[in-house]
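The values are calculated or read from the model by the stated rules, or taken from the named source; none is laboratory data. All figures in this text were calculated on a predicted structure; none of them were measured in a lab. Positions of Cβ are generated from backbone atoms using ideal geometry, with glycine treated the same way; all protein chains shown enter the neighbour counts. The protein model used for the area step is the full one, side chains on, heavy atoms only, and it has no ligands, DNA or RNA in it. Shrake-Rupley method; radii C 1.70, N 1.55, O 1.52, S 1.80 Å.
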Amino acid sequence: MLLEVYQNISKFIESSGQEAVFCIKEAAKNFQCSHNTVLAIYMQIVQKRLRKVSHINSDQRIQSDHWKQFQSRNDSSREAIYNLAKQLGIPPVMLAKMFIELSEMDKNQTSTYILRNLEAIEDVNFREQVQYCLDNDDQFGPSIDLIKKSIGEEYELILKDKLTLMSIPFKDENILRDQGYDKTPDLLLAVPIAVGDNVINWIESKASFGDEHTHKQYLREQYWSYWNRFGPGLVIYWFGFVDELAEETLDKGIIIMDHMPSKVTTLI
């Protein structure tokens, strides 16, 4: 995807006041992109929004102000926390988690545990308000984390199946960690392969879209470490990437693609 197209999709999502499902559907239609690609871009924009408000998790004054505002409303409806979160520009589950921590509940139970075990909330009304946030927050919370984790595992399994069918042996990160490696790619090939003129020793599977910010962060935190230890490799952004990024690391031995190429040469 050209950088200009990506920027236009991002602007559309940022300015859209629609619910996620409608925003994604319309963007996919307007820019003739796959639903999964637009969804991946949407989720990255959500993550950027979360970083902008994450400071409230450590700012007791702001937390106290939000809690007082909630209590002063005297709103017993199940949408109470959700509506306040939307007004404040905070993910509803994040605000619900904050209120659980501020409420007079059993301090031996963490807010994360309570979110996963709502029966621990004795106040039925408060429990329903938290439940409503969990059911309707499409940006943050345990269910979103679980979905992202399962999608990542699904595409890693797809990659493993493809390599197995191509008779390309590999070690996954679990085996590598058992062998004492700390930072490991998803797959280390037992025998190098070549895609065109490019040698590949390892493959990293990302069930996401590769934008400039995300890619540079991964380069800094993961890819260069793999390159230093294992040599050149392949990064697969299954839901696409900004085309201009592919040229930046190609000459240094890190290839970017959106699929596992079928035509490879085994180097023995």
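Worth pointing out:
- Restriction of the trypsin sites (Lys or Arg not before Pro) in segment 153-214 to DSSP coil positions whose beta-carbon has at most 16 other beta-carbons within 10 angstrom yields LYS183.
- Calculated [θ] (222 nm, deg cm²/dmol) that DSSP helices of n ≥ 4 give over the chain, each run adding -39,500 (n - 2.57): -17000 deg cm²/dmol
- Highest-MSF residue in the chain out of LEU146, LEU95, LEU188 [GNM, Cα springs under 10 Å]: LEU146
- Radius 9 Å from Cβ of LEU187, net charge of other residues (Lys, Arg +1; Asp, Glu -1): -3
- Partner lysines for LYS68 [C-alpha distance under 26 Å; skip if fewer than 8 residues away on the same chain]: LYS52, LYS86, LYS97, LYS107
- Cβ-Cβ distance of GLU104 and GLN47, R₀ of 22 Å, FRET efficiency by 1/(1 + (r/R0)^6): the value works out to about 0.10.
- Per residue solvent-accessible surface (Å²) - the chain, probe of 1.4 Å: 55 Å²
- Proximal aspartates and glutamates relative to LYS216, as straight alpha-carbon distance under 15 Å, when same-chain residues fewer than 8 apart are discounted: GLU204, ASP243, GLU244, GLU247, GLU248
- Estimated translational D of the chain in µm²/s (Stokes, Kirkwood radius over Cα pairs; 25 °C; 0.890 mPa s): 116 µm²/s
- Across all directions, the shadow cast by the convex hull of segment 158-197 built on its C-alpha atoms averages 3.4 square nanometres.
- The GNM of the chain, with springs linking C-alpha atoms under 10 angstrom apart, assigns the highest mean-square fluctuation among ALA20, ALA190, ALA207 to ALA190.
- Net length available on complete extension from ASP172 to LEU3 is 57.6 nm, with 0.36 nm assigned per residue and the Cα-Cα distance removed.
- Using every pair of distinct Cα positions in segment 57-154, the Kirkwood expression returns a hydrodynamic radius of 13.9 angstrom.
- Between LEU250 and HIS213, full extension at 0.36 nm per residue minus the direct alpha carbon distance yields a gain of 11.5 nm.
- In range of the label at GLN60: residues from segment 75-116 whose backbone nitrogen is under 17 Å from the point 7 Å along Cα→Cβ: 98-105, 107
- Segment LEU118-GLU154, extension gain: residue separation times 0.36 nm, minus the distance between their alpha carbons: 10.1 nm
- For segment 209-267, trypsin sites (Lys or Arg not before Pro) are listed when DSSP marks them as loop and at most 12 other Cβ atoms sit within 10 Å of their Cβ; the list is LYS252, LYS263.
- Radius 11 Å from Cβ of ARG127, net charge of other residues (Lys, Arg +1; Asp, Glu -1): -3
- Intensity falloff of segment 153-248 expressed as log10 I(q)/I(0), Debye formula with alpha-carbon point scatterers, at q = 0.15, 0.21 Å⁻¹: -0.60, -1.21
- Within the straight-line cut-off of under 16 Å between alpha carbons, the lysines reachable from LYS149 are LYS206, sequence neighbours fewer than 8 places apart in one chain being disregarded.
- Share of carbon and sulfur in the accessible heavy-atom surface of the chain [1.4 Å probe, %]: 50 percent
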